[in-house]
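The values are calculated or read from the model by the stated rules, or taken from the named source; none is laboratory data. All figures in this text were calculated on a predicted structure; none of them were measured in a lab. Every residue, glycine as well, gets a Cβ built from its backbone with ideal geometry; the counts of neighbours run over all protein chains shown. For the accessible areas, the whole protein counts, side chains as well, though only heavy atoms, and no ligand, DNA or RNA atoms are used. Shrake-Rupley method; radii C 1.70, N 1.55, O 1.52, S 1.80 Å.
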Amino acid sequence: MKKAIILIAALLMVGGAVAQKRLRDYGVMMGVMKTGALNAITDVKGVTVGQVTLTSDVAQTGVTAIVPHQGNLFKKKCPAAVYVGNGFGKLAGSTQVQELGNIETPIVLTNTLSVAEGIAGTVEYTLKRNADVRSVNALVGETNDGGLNDIRARFVTKDHVIEAIEKAKGGPVEEGCVGAGNGTVAFGYKAGIGTASRVLPASMGGYTVGVLVQANFGGVLNVAGVPVGPLLGKYSYRDKILQDVDGSCMIVVITDAPVDARNLERMAKRAIMGMAQTGGIASNGSGDYAIAVSVAEQNLIDENTETYQPTLLHNDDMSPLFMATMEATTEAIWNSLFAAHDVTSNGRTVKAIDKQQAIDYIKKSQAATGLKPTYPLK
């Protein structure tokens, strides 16, 4: 019989805002592009995020749902693409996205053995809002939280998935040990959900790129150009404790730039490059996927029309979006680590990164260069 699950708020809420420290809150700057107002995926207009966190003495798991726009997603589909960095994973619905170049449901993230429940909840949510629908392509991704979570118990239900979608909201996004990131581990440290955003200069279109990650993978941690993993003495293959580098990383990229599935796939590739910049190695058993979506209103796909005539950026205009995607992905992964806390569950304890020591190393390294960078990009 499953043990009782306590649904808790994973983070302290103060005045409606998330009270948590992220990497920038420690005075560390990274990248050259401006962030959005929230430095979150919700900086992209219309994007909302909902999370359900399940916690007990044996359970650390949950659901994170990303809703790209506030209309009927099935009736107004979004151009989209999927890029597979390493395919040891279960991204349900990905082949139809690759075939048709769009998504028609919210994007749901959960644990490996709860993908079926993710599909069931997403399908039920869609059917209730579309009386004539007989086929739904639910896009559901996962990472394996089986170290801290009794994953075989399959605590997540379709009702949790529906709840996460229905409670999705704009504003600050909870990070760290929350939702689908409640039981995840990255670089040997407690990780979780992380998010970040970048805004292009007006001269380059002024578009916003938002990223959300579910971080659960291994490698040699690098933060803002500093080899933090080796400096802290924790990195993959250093000892028997850190031999397991598998786990997976789900990356969701959303932009308001008018780009189609082909160029969204190119952006998704840069998200995987951003993961590599943090020290991730896309190990044999790691399912590393990037989903990229455009919510440019003029390009939403209304299949009731006879033709589809999108407005698209030229290939030559894509490079700033590539850089924005890489920067936002790296910072989202770092935020997933710095927003997390120690967790004991399922007979195991995973500690969060020693934030102050890591920050000291980063600041000393950056100060040693004697350089005074001028950013953000204008």
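Table for the structure above
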{"item": "Cα centre as origin, Lys/Arg/Asp/Glu Cβ charges: the stretch 131-181 dipole, Debye", "result": "160"}
{"item": "Spin-label model distance (nm) - Tyr237 vs Lys351, 7 Å beyond Cα toward Cβ", "result": "2.5"}
{"item": "Helical mean residue ellipticity (222 nm; -39500 (n - 2.57) per DSSP H run of 4+; nearest 500) of the chain", "result": "-7000 deg cm²/dmol"}
{"item": "Beta bridges per DSSP with both ends in the chain, % antiparallel, nearest 5", "result": "80"}
{"item": "Out-of-range pairs (alpha-carbon distance over 18 Å; input Lys75/Lys158; Lys45/Lys158; Lys128/Lys158; Lys21/Lys355; Lys234/Lys372; Lys269/Lys378)", "result": "Lys75/Lys158; Lys45/Lys158; Lys234/Lys372; Lys269/Lys378"}
{"item": "Tensor-based shape of the stretch 298-378 (alpha-carbon gyration tensor, a/c under 1.5 rounded, otherwise prolate or oblate)", "result": "oblate"}
{"item": "Sorted peptide list for 71-78, 279-286, criterion being average Cβ within 10 angstrom, highest first", "result": "279-286, 71-78"}
{"item": "Cα gyration tensor, the stretch 36-124 - rounded (a/c under 1.5), prolate or oblate", "result": "oblate"}
{"item": "Rounded to whole Å, sorted largest first: equivalent-ellipsoid semi-axes of the stretch 181-261, Cα gyration tensor", "result": "32, 15, 9"}
{"item": "Share of pairwise Cα separations in the stretch 22-68, more than 18 Å, in percent", "result": "53"}
{"item": "Where Leu300, Leu127 fall by accessible area, highest first, once all protein chains stay in place (1.4 Å)", "result": "Leu127, Leu300"}
{"item": "Gyration tensor verdict on the stretch 212-339 (Cα atoms; rounded if a/c is under 1.5, prolate if a/b is larger than b/c, oblate otherwise)", "result": "prolate"}
{"item": "Fluctuation leader among Leu91, Leu113, Leu264 - the chain, Gaussian network, Cα springs under 10 angstrom", "result": "Leu113"}
{"item": "Exposure of Leu232 as accessible area (Å², to 10), given a probe of 1.4 Å and all protein chains", "result": "40"}
{"item": "Within a Gaussian network of the chain (alpha carbon springs, distance under 10 Å), most fluctuating of Ala81, Ala358, Ala340", "result": "Ala358"}
